[in-house]
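Read-outs: derived from the displayed coordinates by stated rules, not from any lab. Bear in mind the structure is a predicted one, so any value in this text is a computation, not a measurement. FYI the Cβ positions are ideal-geometry reconstructions off the backbone, even for glycines, and counts take in every protein chain you see.
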Amino acid sequence: MADHAKDMAIRDTDWSTVPVAAIANLLRAVGDGAPVQAFCEEVGLDLAPLAPDVRVPYRQLADLYDTAARWTGDPWFGLHVGANIDVRSFDLIGHLVLTAASLDQVFEVLVRYLPLWTTSAGFQLERSRGALEIVWSYADPSAPLRRHDCEMSVMAAISAAGLRDAGRRPREIHFRHPPPADASEHHRLLCAPVRFGMPRNAIVCDAATAALPVASADPGLHALLRELAEQRLSARPRPRSIVDDATAAIARLLPSGDVQLSTVARALGVGTRTLQRRLIGAGTTFSAVLAAVRRDRATHALAHSDRSVGEVATELGYGSSSELHRALRRWVGVGPRAYRRARR
């Protein structure tokens, strides 16, 4: 199965955040006897000013899981949080999960709407003939492996989807991090064979699992909640991504003909390998972004201008019109002149 879920690093930016409710979920699991203030201060988190609508850096939440595990002496702290969490504590996403009609719809909710909770990590859904994989990945490959945060997220998804019930248990659970000294609790709580040191974090289910119903399904309420979720998604400010930045840099450099990976990386102020890695983390490659920019500009110029094919080829950084001809036939099946006639 193709690996489309590339792990990405937790970045402390203004958009790489989680609601303060995520901190509350963790602190409830710690219990009353733990020195909460002390280990919050250890990760640079000041609890005093945190109002209900405040968001905190995702990095601090991930650090807090590791710190809480150490302070409590619980080697399975993340697992225990995920196993006991109330899905309704995830606000709108939790209620969408509860009212979904099937497990397939539960997974689709997690994939589509988790950005309302955080954009630093997320789920992806991959299907093959006999299997369904729910993949959990972070937003940057340079981050250290966050075992407790990762295990909490996977465990919470399994609990929310009812995958611990007989007849709908996963085929396997995969984690990228190495195995702990004692994995017995993983096998007990996850209700499936657990494999560590894998290429990605994933819940692997039989394909038929997707059609299984959800006991708390409420189609009417789900439709209303989904409408609200879509409104919230559309209202979110969208941060510029590395794909946006690379696209803009390529567009500026095209007329010069120098649109090599190294040139674009230099224009963005990053190293060549860094740019490659971040584009892969965003699910694409430099050659794919370059081709997309050229395709969009070529088809627009041919359809909406009278510039010659040679002029368009030069503007797109091609050495000759024959290069544009070959590229356009790959993209749309015909050459530049035939495409222009058809569009006119």
Checklist outcome for this item: Given backbone amide H placed at 1.01 Å from N, residues whose amide H is under 5 Å from that of Ala121, ignoring those fewer than 5 places away on the same chain, are none
Item to check | Average silhouette area of the chain, convex hull of alpha-carbon atoms, in square nanometres | outcome: 21.0
Checklist entry - Say the dipole of segment 242-343 comes from +1 at the beta carbon of Lys and Arg and -1 at that of Asp and Glu; which of Trp331, Leu275, Ala303 then lies farthest toward its positive end? => result Trp331
Checklist outcome for this item: By the Kirkwood definition, with r running over pairs of different Cα atoms, segment 242-343 has a hydrodynamic radius in Å of 14.1
Checklist entry - Exactly which trypsin sites (Lys or Arg not before Pro) in segment 222-302 are in a DSSP loop and have at most 12 other Cβ atoms within 10 Å? => result Arg240
Checklist entry - With N residues in segment 111-233, what two-decimal value do you get for its Cα radius of gyration over 2.2 N^0.38 Å? => result 1.12
Checklist entry - What is the chain's relative contact order, in percent, from Cα pairs under 8 angstrom and six or more apart in sequence? => result 17
Checklist entry - Taking one equal scatterer on every alpha-carbon of segment 193-310, how large is log10 of I(q)/I(0) by Debye at q = 0.16, 0.17, 0.19 1/Å? => result -0.94, -0.97, -1.04
Checklist entry - Can you give the relative contact order of segment 76-195 as a percent, counting alpha carbon pairs under 8 Å and 6+ residues apart? => result 28
Checklist entry - Farthest toward the dipole's positive end in the chain, which of Leu79, Leu114, Leu98, given Cβ charges of +1 (Lys, Arg) and -1 (Asp, Glu) about the Cα centre? => result Leu114
Checklist entry - Dipole size in debye (nearest 20) for the chain around its Cα centre, Lys and Arg Cβ +1, Asp and Glu Cβ -1? => result 1960
Next on the checklist: For the chain, set up a GNM with springs between Cα atoms under 10 Å and report which of Val332, Val312, Val289 has the largest fluctuation.
Outcome noted: Val332
Item to check | Kirkwood-based Rg to Rh ratio, segment 85-169, C-alpha trace | outcome: 0.95
Next on the checklist: Whole-Hz ³J(HN,Hα) for each residue in segment 104-115, computed from phi via Karplus 6.51 cos²θ - 1.76 cosθ + 1.60 with θ = phi - 60°, x for glycine and proline: what do you get?
Outcome noted: 4, 5, 4, 5, 5, 4, 4, 5, 6, 9, 4, x
Checklist outcome for this item: Expressed as a whole-number percentage, the relative contact order of segment 130-287 with C-alpha contacts under 8 angstrom and at least six residues apart is 23
Next on the checklist: Taking the Cα centre as origin and putting +1 on Lys and Arg beta-carbons and -1 on Asp and Glu beta-carbons, what dipole magnitude results for segment 107-194, to the nearest 20 debye?
Outcome noted: 240
Checklist outcome for this item: If each part is reduced to its alpha-carbon centroid, segment 161-219 and segment 62-100 end up apart, in Å, by 16
Item to check | Selection from Phe123, Val54, Val30, by position along the positive dipole direction of segment 20-135 (Cβ) | outcome: Phe123
